[in-house]
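The values are calculated or read from the model by the stated rules, or taken from the named source; none is laboratory data. Predicted, not measured: the structure shown is a model, and the values here were computed from it. Please note: Cβ atoms are built from the backbone with ideal geometry, for glycine as well, and neighbour counts cover all protein chains shown.
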2 protein chains.
Amino acid sequence: MKKLNIKEFSSIIGVSTATVSRAFNASGRINEKTRRYIIEKAGELGYHANIHARNLSSPRSNIAGLFYPLLAGEQPDYFINEIQQGVQSALMDSGILLQVHPFPARADAELTLETYRTYVLSGGLGAMIIVAGSAESVELVKVAREAEVPYVVIGHMSGETRYTVSFDNGQGARLAGKFFVRTGRRFPAYIGGHLDKRKKLGFLEGLGEISDKLTIHSGGDAFIHGANAFRELRANRPETDCVLCANDVLAAGFIKAAQESGATIPEDIAVIGFDDLSFARYLTPALSSVSLKLNHIGLSAARQILKLLDGNDITPEFVECELIFRDSA
Amino acid sequence: MKKLNIKEFSSIIGVSTATVSRAFNASGRINEKTRRYIIEKAGELGYHANIHARNLSSPRSNIAGLFYPLLAGEQPDYFINEIQQGVQSALMDSGILLQVHPFPARADAELTLETYRTYVLSGGLGAMIIVAGSAESVELVKVAREAEVPYVVIGHMSGETRYTVSFDNGQGARLAGKFFVRTGRRFPAYIGGHLDKRKKLGFLEGLGEISDKLTIHSGGDAFIHGANAFRELRANRPETDCVLCANDVLAAGFIKAAQESGATIPEDIAVIGFDDLSFARYLTPALSSVSLKLNHIGLSAARQILKLLDGNDITPEFVECELIFRDSA
DNA sequence: TATATTTGCGTAATCGGTTACGCAAATATA
DNA sequence: TATATTTGCGTAACCGATTACGCAAATATA
């Protein structure tokens, strides 16, 4: 079945193209009966307004892009996943579609970034949600500004304070540190992938008096690195009695290795993870973790976008980290 | 800075619009020097061809949509996440963008579906990847056909054999059943959310001689339901010595409850999960699971799409389930 | 009833590209 | 050198919608 365009369709049902167009758009005056008739006929004959033509003549794009830095390694990225799901639920009934735009770190980034740049600047997106965390994120914000596309950034980004849903890793880490001193721990360790300064600093602050005892271990961000960290710690600094891991996957690896070696958690070593991904509670012992409320953050960011698209103003939002207590600390 | 359109841009740099257009498109004859000159100038002046106009005059869409049924409950959907990540890596350097289209089950589905329908039929998408598993998926395939958009479906869908990347849950479950009889288990149970016939049937087949002893428990698909299942089983059928769970989250819940009650796994009860999500190995004991190779499936599906978009033919692909042995069985 | 206002719709310009067609210049062939 | 072919580019007709403008009919106001 050949596809109808507006000219054919309108002439078949005996009205003008303008009227057909008005039937499908809120704008313009049209008799309610005519509108219903046209909509009905469109259903019968299978007429669907070409979306590109619409976008061309009256610029709009109901597509929002979610941009985020790709994790190194092949592990599935639960972090982003939880944000994405939050974003999606907020967008669900808004008529806004979601496009996902991962970008790799450094090496290939330039190419990918350039692709996105062109895409956005040529009008492909109506809104952008940018997850901070790499140099590329900053570039993307520039692109958003240049293209005059409404955007919000998730997380910390220097220089950007206007459109954000932010959280403070440092504050979260501080919570963990304080908890450790409060529960009488003496020899803390921090297991971090590619070092996140805020986390480390916050942790140090929270650790207060015992902060001079801190050991830092950094390898990668994956399960295996958590396990390695445990083994090295065991070998080089057996007195360690509490650790903060930069993410939950790392914590899972750490716990696993600890169990294999016979260490008990939290008695011998208390461990706290970061992000509070939903599998944290599946672990044994169930993992205590600094919750970033990722789902909530995603939701908020998307709602902000929705407001911007409605022409409303928004105020930056700050989401406080919360320490979720389970069994590992 | 006002945005340039092709007419302005071309007249500023002293060529015709046709030449500018040719510079950016593979089609058409153009002197290599002219092309380079134009591209350079475009960079300087910040000219970006309007994407809607391009799509209008020469129909193409470099957007692929990933459609999938939404999980009941608010849990993050790791299943889809792993597929999505596979899809993304395959699409990464292809220039094809990915849009995600979750659709809720039943209740609100009609509205959402209608939105997607209109969107696709009006030319919004260049390709569709449809995850089977609900009545809506079938509808979406119809939409794809009607809109003449290349598509591939992931999973089983009756009537659709041409464009698929499929797997057989039944085959996977059979593996689990066989393993249980081989290892001398006698009283099997199946923990399933909304019952998946194939899984149950396959499990029964694999169970062979001990299949008449099978108990079936079905509640929901979440962690809590797995835990509940354990408790009920313990109360009503304490002799149970092996279970297959319809997914890994369920299995995680089951294991957790088992540990709390003091039962040991796998000695007292062997448990096998389904999907082999990446957190399976984080659990204690590490969860044995029927792997669907979701990441691989996503990759394949996307590659099929790429082939179709290149005008090549594809042959349906079948991905065999594999039982991944870890510590829980 | 005469005039002013509103409503409903059609005509045609416009959005910003792509590309068929044709022509002149450059190159190849005889 | 004369002719045939190829190359490079410009002109203008599309692609399929939206919407400013204007007119006639319907309704409101005097």
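A few comments on the model shown:
- In region A:37-51, the residues that are more than 19 Å from B:G123 (Cβ to Cβ) form Cβ pairs under 8 Å with partners that are within 16 Å of DNA strand C (Cβ to nearest atom) and part of a loop (DSSP other than H, G, I, E, B), at six or more places apart or across chains, as follows: A:I38/A:V15; A:K41/A:Y47.
- In the set B:A144, B:A127, B:A135, only one residue is aliphatic (A, V, I, L, M) and surrounded by fewer than 20 Cβ atoms within 10 Å (Cβ to Cβ); that residue is B:A135.
- Segments classed as helices (runs of 4 or more DSSP H), wholly inside region A:26-138, with at least 2 members that are among the aliphatic types (A, V, I, L, M), more than 13 Å from chain B (Cβ to nearest Cβ) and touching a Pro at 6+ places or on another chain (Cβ under 6 Å): none
- Flag for B:A23 being out of contact with any strand residue (DSSP E or B) (no Cβ under 9 Å at 6 or more places or on another chain), within 13 Å of DNA strand D (Cβ to nearest atom) and assigned to a loop (DSSP other than H, G, I, E, B): no
- Going through (1) in contact (Cβ under 8 Å) with a residue 12 or more places away in the chain; (2) at the interface with chain A (Cβ under 9 Å from one of its Cβ atoms); (3) within 16 Å of DNA strand C (Cβ to nearest atom); (4) hydrophobic (A, V, I, L, M, F, W, C) one by one, B:V20 falls short only on (2).
- Within region B:182-285, strands (runs of 3 or more DSSP E) holding 2 or more residues that are at pLDDT 95 or above and among the acidic types (D, E): none
- Selection count where residues are within 8 Å of DNA strand D (Cβ to nearest atom) and either part of a helix (DSSP H, G or I) or over 12 Å from B:A42 (Cβ atoms) (or both), scope region B:4-19: 6
- Restricting region B:298-318 to residues that are surrounded by 20 or more Cβ atoms within 10 Å (Cβ to Cβ) and touching a helix residue (DSSP H, G or I) at 6+ places or on another chain (Cβ under 6 Å), the residue that is farthest from the other protein chains (Cβ to nearest Cβ) is B:A302.
- When A:L45, A:L98, A:L56 are checked against the criterion of being hydrophobic (A, V, I, L, M, F, W, C), buried (at least 21 other Cβ atoms within 10 Å of the Cβ) and either more than 21 Å from B:D77 (Cα to Cα) or out of contact with any Lys or Arg (no Cβ under 6 Å at 6 or more places or on another chain) (or both), A:L98 stands alone in meeting it.
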